[in-house]
Amino acid sequence: MGKSNKCKAKKQSYISVPSQIITSLSSSSLQSLLLSPKKAHLNSSFFVGHNYSCRRPRVCLSALFLFVLVGLLRLGWNVNTLVLCSQSFGSNTGKVGERDHQVLVTSQLQSPRPLHLESEFWKQPDGMGYRPCLELSAKYRKASEAILNGRSKYLLVVVSGGMNQQRNQIVDAVVIARILGAALVVPVLQVNIIWGDESEFSDIFDLGHFKRVLADDVRILSSLPSTHVMTRPVEEKRTPLHVSPQWIRSRYLKRINKEGVLLLRGLDSRLSKDLPPDLQKLRCKVAFQALRFAPPILELGNKLARRMQSKGPYLALHLRIEKDVWVRTGCLPGLSKEYDEIVHNERRRHPEFLTAKSNLSYHERKLAGLCPLNAFEVTRLLKALGAPRSARIYWAGGQPLGGKEALSPLTREFPHFYNKEGLALPGELEPFANKASFMAAIDYIVSEKSDVFMASHGGNMGHAIQGQRAYAGHKKYITPNKRHMLPYFVNSSLPEAEFNRIIKELHQESLGQPELRSSKAGRDVTKYPVPECMCKRNKTT
């Protein structure tokens, strides 16, 4: 009867949560985040007092033997109870398999990793005293009055791509409007062909906040004024890459002064990464302060982040292992010949999808660090860097090619593995169904708030979060040193301890420490905000 009652209580404490991909990992179900663990207690009946001392050896040995025997019996009873209860839970939900029961039980019995090693993984980099610093020059502030009072020039922009790519273009649209002294009409988000997302700016971003933050820099209008509604805008489709403010003025200023309205499309990487300091600061202001997500997205994203935070630190992984990523990069997922053939066939049908260097073979791309890390490689890297098995991991990204099989190396080694579908309660994600930009925004929020972040490959989201985390005080961001570490991954004769030592050494300077944008040409200030947007001062502006 005692065991039955305990099991009954155990069953009532579980919460069943739906997940689109990971549905059979009992150790990563939502209740492990929502429920507090039972407090351990000590049985003091074995001790008479803290001053007790044994004067008779035989009595001492007998007492010690009895103490150990009772402890083993208690341990055995607890394990049996755990197995019995987990079986009962699995039979009720139909979602937990026998293998997962074994993982759950085994994880309870494993010796804990030394605390100093676990805490080392969560240790944050030295921010070296850098703080946000967006003080603008007197010349910039003086020019603002005329720009904000202007009523003759209006800039329309259409931004394309995924949500993070659109963010980048919106940042540059604000800067271009400032360069031209024009009012910016709220950017139009082009319907995404791949995901079919028809969201508007105000669906994803907080429009009122956007206008308020930029009120001293650029006029932001929700639509063209009635005086210009019938004006046919001058459309420019061929803006070269990385143009300077001087090029923008020489190319567009006369035309927008004459016609009143200028329409720009495809702003991705069109504006130079090297701008005057004031315009770089404006970029940071847009990216890190003005572009806040709409309240419904922000509310749910923060709610999921709090669930991840409820049991301590967590790691966020942006896994780039979807089919389109393998096709575009010219790389292979490393699962089986069947999946390699799927990627090859897709690439043959659509050669235009390949964005990588076509003159390199797959192996050459891999060794050059141009391929995403698969789940097996991510697992080895995390283990080498000291990630404890108990680490809770939030997985951001689309459905991987190969489904659960593609994720199995990670979920076997790190059973506390979550995504937004697994964290959300029934109905919480329904308002965002079939909205790729909404889902990407939720991933962004939960990832940005993590204690440690890592992306398996580059990309707009990884770059945006790197800059955001730097601006927030250089929160830990692991940049996989793929080009230098991969040769050690294929060296099967290398002892694990030596492998771990080498990997840690390779990543000593790749953990989110402050890095000067100016140390390498062509870097984006929204990815490397030091020194233009952050400085070593007590005053934060």
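The values are calculated or read from the model by the stated rules, or taken from the named source; none is laboratory data. What you are looking at is a predicted structure, and each value in this text was computed from that prediction instead of being measured. Using ideal geometry, Cβ is built from the backbone for each residue, glycine included, and neighbour counts are taken over all protein chains shown. What goes into the accessible areas is simple: the full protein's heavy atoms, side chains included, and nothing from ligands, DNA or RNA. Shrake-Rupley method; radii C 1.70, N 1.55, O 1.52, S 1.80 Å.
Brief remarks follow.
- Accessible surface of the range 138-290 [probe 1.4 Å, protein heavy atoms]: carbon and sulfur percent: 51 percent
- A P(r) calculated from all alpha carbon pairs of the range 138-290, with 5 Å bins opening at zero, reads 2, 9, 19, 24, 22, 16, 6, 1, 0, 0 percent.
- 10 Å-binned pair-distance histogram of the range 295-536 (Cα, whole percent): 7, 29, 36, 23, 5, 0
- Glu532 - accessible surface, heavy atoms, 1.4 Å probe, Å² rounded to 10: 30 Å²
- Net charge contributed by nearby residues that have their C-beta within less than 13 Å of Lys504 (K/R +1, D/E -1): -1
- In the complete set of protein chains, residue-level accessible area for Ser492 is approximately 120 Å², probe 1.4 angstrom.
- Heavy-atom accessible surface of the range 138-290, averaged per residue, reaches 47 Å², computed with a 1.4 Å probe.
- The residues packed around Asn434, meaning those with a beta-carbon under 12 Å from its beta-carbon, carry a net charge of -2 if Lys and Arg are +1 and Asp and Glu are -1.
- Taking θ as phi - 60° and the Karplus parameters 6.51, -1.76 and 1.60, the scalar couplings of the range 366-381 work out to 4, 5, 7, x, 9, 9, x, 6, 7, 4, 5, 5, 4, 4, 4, 5 Hz in sequence order, x denoting glycine and proline.
- Kirkwood Rh in Å, taken over all unlike Cα pairs in the range 425-541: 16.7 Å
- Net length gained if the chain between Asn491 and Glu405 were fully extended (0.36 nm per residue, minus Cα distance): 28.5 nm
- Heavy-atom accessible surface of the range 295-536, averaged per residue, reaches 42 Å², computed with a 1.4 Å probe.
- Within the range 336-404, trypsin sites (Lys or Arg not before Pro) in DSSP loop having at most 12 other beta-carbon neighbours inside 10 Å: Lys357
- Of the residues Tyr252, Tyr362, ranked by 1.4 Å probe accessible area with the largest first, the sequence reads Tyr362, Tyr252.
- Here r is the Cβ-Cβ distance between Ala138 and Lys211 and R0 is 35 Å; the resulting FRET efficiency, rounded to 0.05, is 0.90.
- Modelled label positions at Val234 and Lys254, each set 7 Å beyond Cα in the direction of Cβ, lie 0.9 nm from each other.
- Dipole of the range 138-290, positive direction: furthest Cα of Trp247, Phe201, Gln190, with charges on the beta-carbon: Trp247
- A crude spin-label estimate for the pair His363 and Leu148, with each label 7 Å from Cα along the Cβ direction, gives 6.3 nm.
- Between Lys311 and Asp126, the simple label model (points 7 Å from Cα in the Cβ direction) yields a spacing of 3.4 nm.
- The H on the amide N of Leu221, modeled in the peptide plane, is under 5 Å from the matching H of Leu184, Val185, Val186, each at least 5 residues off or on a different chain.
- Here Thr355 and Arg483 are evaluated by their C-beta separation; at R0 = 22 Å the FRET efficiency comes out at 0.75.
- Share of pairwise Cα separations in the range 220-306, more than 23 Å, in percent: 46 percent
- Heavy-atom accessible surface of the range 295-536: percent carbon and sulfur, 1.4 Å: 52 percent
- Neighbourhood charge, 9 Å Cβ-Cβ cut-off, centred on Ala183 and excluding it, Lys, Arg +1 and Asp, Glu -1: +3
- Cα-based shape type of the range 331-413, given that a ≥ b ≥ c are square roots of the gyration tensor eigenvalues and the cut on a/c is 1.5: prolate
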